[in-house]
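This report concerns only the one structure given below.
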Amino acid sequence: MEPSQENVVQAVVIMDLFKNNFSPINKTKPMAKHISRTCNFRALLSVAGVPLIDYVLESLGLGGVGETILFCCQDGPKIKEHIKTSKEKKSPWSLTMDVQVIMSDTCQTMGDVMREIDAAGLVRGYFVLLGVNSITNVNFATLLEEHKLTCKKDKEAAMTLIYKRVSWEHPLIKNNKPLFLAADGNTNKVLIHEKTRSNNNTLQLPLDCILSHSEAKLHHNLVDANIALCSPSVLPLFADNFDFQTRDDFVNGVLINEEILASSLYYKILKENQYAAAITNWKTYQIVSWDILHNWVYPLSIETGSFFQNNYIFMENHNFRKITSKLSRSCTLVEDVLIGADTEIYDNTTITKTMIDSLIENGTIIAENVNKNEGSKLKGAVIECSEQDKNDKNLVKSTSESGTEWENESDGSGDDEFVGFDKVWSDSESCYSSDSSAQSSLPESPVPEDTNIFLQEVIDSLARGYEEKLKCDYLILEINSSRYAYNIQLHEVNFFVIRAMLSIPILVDSKSVLVTVKDILKFFRPILSNYIKTKSSIMDCLRAVEESCIKCDWLEGKAGQILHLLYETDVVDEDSLVEWYDDLKDNESPLINQTSLVKFFEWLQEASEESEESE
């Protein structure tokens, strides 16, 4: 007897990550002209010799999923053709699982995708949510049943987040933003979910997390596999809250507004024999590829032939080669080597920890349709176009101790971040600028017209609100309305709200700017509380102060006093201030030697030392 439709486990796979961490590979993919802020992660990208989408479908099929929705914002026809070919070849997952490809070229964020899925009524109830970059061997059906049991105990349970515990020094953590998670020790209900910088050794834990729970669990060594188990309420929550653009937005929004949204979050740590990881940049791509060669993702293995198109031969020491490849008798494959189709390895060649589909040397990334002349030496380079040398970006030797050898030497252009083999994460790289200035230390890039319009509308709203003494709740509605109209991201809103507060016309002509700023911050305190309430939003606030003090004549020389006002009103905290100040030094900001700023941080350090002595 076939299972009823209601009992079939459904999964939704987001085929686009809306990031550009895999340049130059994903630059070869076409993009709709009107989508200016997104870039596709390639579902057909080969990982250890197998297209990434095949790992996802194979794991879903083996994990008890009966129906899968692949939502594509780009490359839908190619994905459809790949699925059709896989079914014709009777791939294992096609025998037990129905796959539906949904295409839309209007979605610009993961939140847009979720809202479109909700509007189309494609999901019947509980479902599995994951990205096409998720590699795992878990049993999804079992995990979803556990989530349903959680929902019986807590009717407001919206989502269970899936994590894998590893050591703090594991490269999957060192090459992503580490996660700090605090949860109720008895129920696994998530209390705090914060992604931090890898070099951040100090974390804040609200006192109520301890006082309100008999036991609290703290985790700082979890790998986020981009997998979640969802209740029927998840899609409507995305539909009702347009500021949920990413899964992190959803998580943070639910935690901050738990009572208002009547929703809660839980987490699940996988067992030791279960594997889960997400490919988010070139380094994690390398790590996961090696994990596959080492059979950590079993039964997903090119050695066992779990993939219908497998034609690889195992050659000991985790070395594999395609049947159609040719190897000289005098060549040596040391370990962790994969030789692709129609590849020829010549005499006296020694290869280790490498995956080859072309003739390349150590540390090279090559885009599609690249041709190099015979005798070309490709070493430590990102090759985008063979016709113009100026498109070859160098990879430089990294001083990191994480075990990898090369990192990208970026020219700093473009909005999206390219993560090379040892890219050092820095929050300072996600700054936003409302105009350009040769004197600013902030990354310079063209600002979209929509962003300028949004900033001006916020300035107008705040100026009118301050002059007419309007309720801040009304102004928040106006700001959010403008945000939705111009599709402004949440971190951009945080930045531009502060930028607007320091730019309203009354300040330009004020005879006592600092007195006026103090009154403005006091009047707009509810707005500050609404937008500046997490660590990342505090950093957005500080960057807005930096840009304002650099580019606004009326604030010249007053950075220290403005920071003091924000600190005294508890808008910003000491740890965030110190971290931001370190970024100023690293970026050689024009503010770094400003007298008021230097005096403020001297005062802050003295106050901190006095506080420690008194304790």
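Provide, for q = 0.18 Å⁻¹, the log10 of I(q)/I(0) from a solvent-free Debye sum over equal Cα point scatterers in the range 469-615.
Taking Cα atoms of the range 469-615 as identical point scatterers yields -1.12.
Given the protein chains as shown and a 1.4 Å probe, how many square angstrom of Ile227 are accessible, to the nearest 10?
Using a 1.4 Å probe on the heavy atoms, I get roughly 0 Å².
Exactly which chymotrypsin sites (Phe, Trp or Tyr not before Pro) in the range 86-173 are in a DSSP loop and have at most 12 other Cβ atoms within 10 Å?
On the way: sites: Trp93, Tyr126, Phe127, Phe140, Tyr163, Trp168; in loops: Tyr126, Trp168.
Filter output for the range 86-173: Trp168.
Which ³J(HN,Hα) values in Hz, rounded to whole numbers, follow from the phi angles of the range 87-99 under the Karplus curve 6.51 cos²θ - 1.76 cosθ + 1.60, where θ = phi - 60° and Gly and Pro get x?
5, 5, 8, 6, 4, x, 5, 5, 7, 10, 9, 8, 10
Could you calculate the contour length gain from Thr187 to Lys155, that is, 0.36 nm times the residue separation minus the distance between their Cα atoms, to one decimal place in nm?
On the way: separation 32, 0.36 × 32 = 11.52 nm, distance 1.35 nm.
So the chain would gain 10.2 nm between Thr187 and Lys155.
So, for the range 449-614, what is the accessible surface per residue at a probe of 1.4 Å, expressed in square angstrom? If you can, show how the numbers build up before the last one.
Values: 7760 Å² over 166 residues.
So the range 449-614 comes to 47 Å² accessible per residue, rounded to a whole number.
Please arrange His491, His213 by accessible surface area, largest first, computed with a 1.4 Å probe and ligands excluded. If you can, show how the numbers build up before the last one.
Numbers: His491 80, His213 45 Å².
Sorted descending by solvent-accessible area, the residues read His491, His213.
Quick one: of Lys84/Lys164; Lys152/Lys217; Lys155/Lys471; Lys87/Lys353; Lys518/Lys558; Lys152/Lys533, which pairs are farther than 24 Å apart, Cα to Cα?
Exceeds cut-off: Lys84/Lys164; Lys155/Lys471; Lys87/Lys353; Lys152/Lys533.
Looking only at the range 8-289, where both bridge partners belong to it, what percent of the DSSP beta bridges are antiparallel (to the nearest 5)?
55 percent
Would you mind counting up the charge near Gly560? Only other residues with Cβ under 11 Å from its Cβ, with Lys and Arg at +1 and Asp and Glu at -1.
Neighbourhood net charge equals +1.
Residues with beta-carbon under 11 Å from that of Cys107, excluding Cys107: net charge, scoring Lys, Arg +1 and Asp, Glu -1?
Local net charge: -3.
What's the percent breakdown of Cα-Cα distances in the range 8-289 across 5 Å bins, shortest bin first?
Computed distribution, short to long bins: 1, 5, 12, 16, 19, 18, 14, 8, 4, 1, 0, 0.
The values are calculated or read from the model by the stated rules, or taken from the named source; none is laboratory data. All figures in this text were calculated on a predicted structure; none of them were measured in a lab. Heads up, the Cβs are rebuilt from the backbone with ideal geometry, glycines too, and the neighbour counts pull from every protein chain shown. Surface areas here come from the heavy atoms of the whole protein model, side chains and all, with no ligands, DNA or RNA. Shrake-Rupley method; radii C 1.70, N 1.55, O 1.52, S 1.80 Å.
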